[in-house]
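S.K.: Below is the structure I would like to discuss, written out as structure tokens.
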Amino acid sequence: MPKGERKSHAEIGGEDRAAMEAVDTYFGQMASIELAGTKMTPAELKAVFQANQTARLTAEQTRAKLRADILAARRASAKRHEIRLALRKYILATHGPGAQQMLSAFNFSVPKKSGPKTVEAKTNAVAKAKATRAARHTMGKKQKKAIKGTPSA
């Protein structure tokens, strides 16, 4: 394997199992082996590989549980959101927008009062729309129809 490439969990697990079998085969009769300045019995050497496998398995199980817990939390959150929307609609339908105390008890916002716009607000809206069209160089349907393309020669 080239330097810098990572091995998969399955590859490492296979290496560990093979190493434990090889320890039994080649070092099973020895009293101890000195590795990296430490004397180890064959059982201790096998325990190192087994500990790695156990730790990896535990980490994978924890990771799977975390994924499942996150998925469950997302589903619960989606259900909560759906129920909160329905509850707000129910309160507004049964008690009306005047039920400010009930709405605030559930931490819902009170709906805005809608009503007829003033003449000044309408004038400002028209002026703003015209300024936006001019700034964006937008055209209406009839203005677009007036534009005809000419094929190049």
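S.K.: Being outside any helix (DSSP H, G or I) and loosely packed, with under 11 Cβ neighbours inside 10 Å is the filter here, so list the residues in segment 23-43 that pass it.
M.R.: Within segment 23-43, Q29, A31, E34, A36, G37, T38, K39 qualify.
S.K.: Out of R63, R136, R80, report the one residue that is within 30 Å of R17 (Cβ to Cβ) and either modelled with pLDDT of 95 or more or not β-branched (V, I, T) (or both).
M.R.: Of R63, R136, R80, the one residue that is within 30 Å of R17 (Cβ to Cβ) and either modelled with pLDDT of 95 or more or not β-branched (V, I, T) (or both) is R63.
S.K.: Right, next: Pairs needed: first member in segment 119-139, on the phi < 0 side of the Ramachandran plot; second member anywhere, part of a helix (DSSP H, G or I); C-beta distance under 8 Å; at least 6 residues apart or different chains.
M.R.: Listed pairs, sorted by first residue: T138/T132.
S.K.: Using beta carbons and a limit of 7 Å, which pairs, at least six apart or on different chains, have the first residue in segment 44-67 and without any contact (Cβ under 8 Å) to a residue 40 or more places away in the chain and surrounded by 11 or more Cβ atoms within 10 Å (Cβ to Cβ) and the second one aliphatic (A, V, I, L, M) and outside any helix (DSSP H, G or I)?
M.R.: From residues that are without any contact (Cβ under 8 Å) to a residue 40 or more places away in the chain and surrounded by 11 or more Cβ atoms within 10 Å (Cβ to Cβ), the pairs are L45/I33.
S.K.: Just need a number here: residues in segment 105-148 that are surrounded by 10 or more Cβ atoms within 10 Å (Cβ to Cβ) and part of a loop (DSSP other than H, G, I, E, B).
M.R.: Adding up the residues that qualify gives 7.
S.K.: Identify all residues within segment 68-100 that are outside any helix (DSSP H, G or I) and in contact (Cβ under 8 Å) with a residue 12 or more places away in the chain; write none if there are none.
M.R.: P97
S.K.: Evaluate segment 9-16: report whether one residue or more is surrounded by 11 or more Cβ atoms within 10 Å (Cβ to Cβ), at pLDDT 90 or above and touching a helix residue (DSSP H, G or I) at 6+ places or on another chain (Cβ under 7 Å).
M.R.: So far as segment 9-16 goes, yes, one or more of its residues are surrounded by 11 or more Cβ atoms within 10 Å (Cβ to Cβ), at pLDDT 90 or above and touching a helix residue (DSSP H, G or I) at 6+ places or on another chain (Cβ under 7 Å).
S.K.: Filter segment 1-22 down to residues that are of a type in the set (A, V, I, L, M) and not in a loop (DSSP other than H, G, I, E, B) and give me whichever is farthest from the chain's Cα centre (by Cα).
M.R.: This residue is A22.
The values are calculated or read from the model by the stated rules, or taken from the named source; none is laboratory data. This structure is a prediction, so every number in the text was calculated from the model and none was measured. Neighbour counts run over all protein chains shown; Cβ positions are idealised from the backbone, glycine included.
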